[in-house]
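These notes concern the structure reproduced below.
The values are calculated or read from the model by the stated rules, or taken from the named source; none is laboratory data. Model, not experiment: these values are computed from the prediction. Cβ atoms come from the backbone with ideal geometry, glycine included; neighbour counts cover every protein chain shown. In case anyone asks, the SASA skips ligands and DNA or RNA and just uses the protein heavy atoms, side chains included. Shrake-Rupley method; radii C 1.70, N 1.55, O 1.52, S 1.80 Å.
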Amino acid sequence: MKRFKSILTLVLMVSVSLLMAQNKNANVAPKKLDAFKVNKISLSNDKQISFTSYKNEVAPLLNKIAQNNNKRALTMSKMGHSVNIFSVLLEQQTCLSANQELNAIAFTYRQDPAYTGGSGVVRTSLSTNGGTSFDSTTLIPWSLPISTSDYFGRYPSGVIYNPSGNTNYENAAIVVTGPMLIGGTWGGDFYASELLDGTGLNNQPLPFESTLYPDVASDRQTLFNRLFLQSHGDKFFVLGDANEDNGSNYTRIVYIVNIGQWDATGDSVIWNRVPVEPGFATTGGLPDGLTYPALAMDDNGTNGYLVFVGRNPDANDPLSYQPFIYQTNDGGNNWTKIEFNWETIPTIVDHVTNFASSGVNRPFFYNPIEAVIDKNGNLHFACYIHRAWSNSPDSLSYLVNRFYMNGVLFDIYQTSTGWDAKLIDTVWCDDYIFYSEGSSNYTIESRPQMSRTPDGSYIVFSWADSDTSYVTETDNEYNNMIPDIFVKVYDATTNTYSETINVTAGTDIEGQATWHFLADQCFDLGNGNIKVPLSVGILGGNYTSDDRIDYYLLNDVIIGPQGITSYTNTANFSIYPNPVSDQLNINLINKGINTIKIMNIMGAEVYSIVVEGKDHCTIDLSNLPAGMYIVNVSNSTGTSAKKIVKK
């Protein structure tokens, strides 16, 4: 299974890596999802970890990549640095925030301990010129360590708040939230705000109190208000993890919707909190659901959705891990479960049927990645969809794991008549373990995320994946060790998707786009051009401590007709499995007339078919000799090509 940097690389060459790929088996195996298991990494309060072995391992790979002389210009703006990756560990944090009206971009992070106050202080770097340059000295929205061991901020999120009709950045503010340490252990949450001119600082430490949260166990030490912080009108929303556990497994899944209202008289935010506990089916007394939901609210903060994934006892199919969706119409104060039936979505039914011959004919939805609402008021959320392994009651948490493929990413969305879904792309490389200590593994992941333009006319998807021509393998999986950032755009006006674009390939940071963030807002430049604010965390930098991380904004990432690639080319496609022994599945973006051709390495056509009105087809290649082939898909908007290996 190969991910290549561009169509230009589809020259008729047989590399060593391709020859090796011909000996791989495109097999599948059951993979257990530890739905109940407590994730200790995501709860870590701090740790110094070394990147020495990782940097030594990828150095020769990056040297090979650097030999490419056809570099594309991509400027970067330095935003700041932290002592370690725990400032930006979770893609569900909102570290990168943008506002087109102000031409402002802000990045919120834990400051370097060399600064006054140490690493418990949260700093925001601000650009008021669209990201060309950043000021990292003015905004310090969380700076309340009362003593050397109390109120240290961790896992921060920060969003730009811009009052309606305002065009002066000095009247706007940065609003930040996150969990905090008290006495060296988790002890509560912090909330803070500061006007973008550096005045009006407001800090609100919130130590855990069982009386404040009556629906949370008294021994719970934090609510972890770090997920999907967002600003809508004069309101703010952020999710907090109030799950209960027995030390090994989650025994109860409860999320707190923290709802803020801007108080102009005090230049601060007034917060209240609403618990939401999804009614998952249970196995052995444990909830059969995943622990990270996604949150989306509309422009005025009135209507919104919480998207969980788990077994729904009220669904037509109560066995599958599937979307478990709640809706609010009163600003998040009350939530009602709404119907979702995957069996009514042909794209998902077809995907599950063709994903593998092993397993059972049910989907297995993974954690919802993120959710947004488009200009038509329709909810979109992205997630991986696998095939379930078994109908046995004790094996419902097993999925079909395809070797040499991380997963297939989908956009699932509302329509005027119900639900539909669209295949976004295949992500090939699995999480790469770059450091281990005891039972804890620290990984470089795909970090898929979503954003939108201010009015929701366009939705942007991003994720990180590595060129499999270079990476190593572990347990029949490619390692995501030299990631690039991939972007795809949805047009809510025409209901069409762009091709997938690798925005860092051929640049000076090719293979080094680790710990990326997609901003909460992208800029609509008109005529189909979208400016996509993206950040990366570069390891080590110029510091003597090799676990430090430098933050950069990627400039010049504009997707559109005059941007990195043609926005209107819908001839792009994805294929699996690869290598293939018999049945090759092709997922198409355009449901119009697509001509599919397969050519051998001499350029001779060995197969051709015209597909009309479908977004998927299966081709039998069992009669073709083993070797390398090129698959071409063409339609009225263009042509795309990919290499495959026939076993």
(message) With the crude spin-label approximation of a point 7 Å out along Cα→Cβ, what separation in nm comes out for Asp197 versus Asp135?
(response) 1.0 nm
(request) Mind scanning Lys31/Lys646; Lys422/Lys488; Lys375/Lys531 and naming the pairs with a C-alpha gap bigger than 20 Å? (result) Lys31/Lys646
(request) Calculate how steeply helix 52-66 sits against the longest principal axis of the alpha-carbon atoms of the chain, using the helix alpha-carbon long axis, and give the answer as 0 to 90 degrees to the nearest 10. (result) 50 degrees
(request) Between the alpha-carbon centers of the range 372-425 and the range 465-484, tell me the distance in whole angstrom. (result) 23 Å
(message) Taking 41 Å as R0, compute the FRET efficiency from the Cβ-Cβ separation of Ser164 and Thr443 and round it to 0.05.
(response) 0.50
(request) Please give the helix 346-355 orientation as an angle from the longest Cα principal axis of the chain, in degrees from 0 to 90, rounded to the nearest 10. (result) 60 degrees
(request) Please calculate how many Å² of accessible area the chain carries per residue, with a 1.4 Å probe and no DNA, RNA or ligand atoms counted. (result) 36 Å²
(request) State, as an integer percentage, the relative contact order of the range 358-439 based on alpha-carbon contacts under 8 Å between residues 6 or more apart. (result) 24 percent
(request) Report relative contact order for the chain in percent, whole number only (criteria: Cα-Cα under 8 Å, sequence separation at least 6). (result) 13 percent
(request) Output the relative contact order of the range 283-413, whole-number percent, from Cα pairs under 8 angstrom with separation of 6+ residues. (result) 21 percent
(request) For Glu244 and Val606, calculate 0.36 nm times their separation in residues minus their Cα-Cα distance, and state this gained length in nm to one decimal. (result) 124.5 nm
(message) Under the rule of at least 5 residues apart or a separate chain, name every residue whose amide H is placed under 5 Å from the amide H of Thr514.
(response) Gly537
(request) Quick one: P(r) of the chain from all Cα-Cα pairs, 10 Å bins, percents rounded to integers, in order of increasing distance. (result) 3, 16, 28, 28, 18, 6, 1, 0
(message) As an exercise, use a Förster radius of 41 Å and the Cβ-Cβ distance of Thr595 and Asn391 to find the FRET efficiency, rounded to the nearest 0.05.
(response) 0.55
(request) Please work out the Cα center distance from the range 486-524 to the range 74-116, rounded to the nearest Å. (result) 18 Å
(request) Go through 577-587, 150-160 and give me the packing order, highest mean Cβ count within 10 Å leading. (result) 150-160, 577-587
(request) State, to one decimal in nm, how far the label point of Thr494 lies from the label point of Gln261, with both points 7 Å from Cα in the Cβ direction. (result) 4.3 nm
